[in-house]
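Each remark here refers to the structure printed beneath this line.
Quick note: the coordinates plus some simple rules give every number you see, no bench work behind them. No experiment lies behind these values; they were computed from the predicted model shown. Virtual Cβ from ideal backbone geometry, glycine too; neighbours counted across all protein chains shown.
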Amino acid sequence: MYADAEGNIAYWHGNRIPVRDTKFDWTQPVNGTIPATEWKGLHAITDIVQSINPVNGWLQNCNSTPYTVAGKNSPKRENFPVYMAPDEENFRGINAVRVLDEEKQYTIDKVIKAGYDNRLTAFELLIPALVSFI
């Protein structure tokens with residue numbers, strides 16, 4: 001994540017990402033003794049998953065997928081190799097996008113208020129499932 005005094009914001013998902021053969025499933029162990037699984041150099045910084053000054057004016061990072069870092073203005077998964085960002089979404093990310101997307105013009109007071117939002121997306125699924133057992 002990056003922010004500067006001029007109001008620029010940015011997110012880069014990683015930095016030194018190796019170019020890999022997309023024929024392999026990099027979510028599983030691969031045979032590292034064959035040339036096909038060796039790195040093919042590094043992706044240029046301009047090629048990695050990133051978001052710079054999205055039109056919505058905010059970014060979030062909850063250690064989950066970069067494909068929701070700016071809500072609907074996020075990078076699109078289909079534009080990148082699968083191995084570049086295999087991270088899935090988590091409830092913190094879902095909640096952050098929901099809370100941040102509710103405001104169009106943030107002030108410091110609105111950011112603080114958003115930080116104290118007490119709705120928890122996970123419980124919207126977990127509590128009804130728990131109550132159904134009672």
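Residues Phe24, Phe133, Phe80, arranged from fewest to most other Cβ atoms within 10 angstrom of their Cβ, appear as Phe133, Phe24, Phe80. Neighbours of Asn95 by Cβ distance under 10 Å: Lys/Arg scored +1, Asp/Glu scored -1, total +1. Legend: ranking of residues Leu100, Leu125 from fewest to most surrounding C-beta atoms inside 10 Å; resulting order Leu125, Leu100.
About its Cα centre, the dipole of the range 79-134 is roughly 160 debye, where the only charges are +1 on Lys and Arg Cβ and -1 on Asp and Glu Cβ. Electrostatic bookkeeping for Val30 treats Lys and Arg as +1 and Asp and Glu as -1; over the other residues with beta carbon under 12 Å from its beta carbon, the sum is -1. Each of Arg20, Arg98 has some number of other Cβ atoms within 10 Å of its Cβ, and from fewest to most they run Arg98, Arg20.
Derived value for the range 2-131: Kirkwood hydrodynamic radius 17.0 Å. Basis is the mean of 1/r over every pair of different alpha-carbon atoms. For Ile9, the amide hydrogen comes within under 5 Å of the amide hydrogens of Asn53, counting only partners 5 or more places away or on other chains and with H modelled in the peptide plane.
For Leu42, the residues whose amide H sits under 5 Å from its own are Val19, ignoring neighbours fewer than 5 places away on the same chain, with H placed 1.01 Å from N. In straight-distance terms, cross-link reach from Lys110 covers every one of the lysines whose alpha-carbon lies under 27 Å from its own, apart from those fewer than eight places away in the same chain; here that gives Lys72.
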